[in-house]
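So the structure is just underneath, and the comments pick up after that.
The values are calculated or read from the model by the stated rules, or taken from the named source; none is laboratory data. Here the structure is a predicted model, which means the values were calculated and not measured. Reconstructed Cβ throughout: ideal geometry from the backbone, glycine too, with neighbour counts over all protein chains shown.
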């Protein structure tokens with residue numbers, strides 16, 4: 001992925017809105033979503049070689065955005081903000097889920113090993129198929145099935161200690 005700054009500006013205009021929507025959906029914050037868009041495209045501009053062309057650019061950006069959002073969620077300040085927002089009915093529209101359930105899910109995601117957190121979000125939040133997840137993660141469907149099985153085991157283990 002090389003080219004002029006005009007080419008990069010066109011790439012940004014074409015893909016920044018979807019990166020923003022993805023980040024806003026995961027983080028539930030427009031300000032944080034804007035920061036993630038900036039982080040993702042700055043990283044891509046500074047290190048274009050990280051996109052190796054083995055998948056569609058949109059798929060790569062989707063994965064990169066998810067990773068950037070997880071990094072943000074794992075920071076202590078952001079996690080506290082998410083838990084605070086989870087208690088607000090405005091964060092989820094007119095019918096909020098039980099605050100303790102949202103807090104529990106946010107805490108689980110933040111503690112979950114990264115590969116399991118990714119597959120959890122892709123499978124349960126985004127409702128992607130195993131094949132679609134495999135494409136995003138650049139792995140086989142068998143590996144995705146293995147990750148989902150490990151996710152189930154990890155979740156059961158966490159419930160045993162709760």
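Here is a check on your reading of the model: is residue 8 at pLDDT below 95 and over 14 Å from the mean Cα position of the chain (by Cα)?
Values: at pLDDT below 95: yes; over 14 Å from the mean Cα position of the chain (by Cα): yes.
The answer is yes for residue 8.
Which members of the range 26-55 meet the condition of being closer than 21 Å to residue 136 by Cα, touching a helix residue (DSSP H, G or I) at 6+ places or on another chain (Cβ under 9 Å), in contact (Cβ under 8 Å) with a residue 40 or more places away in the chain and not in a loop (DSSP other than H, G, I, E, B)?
26, 27, 44, 48
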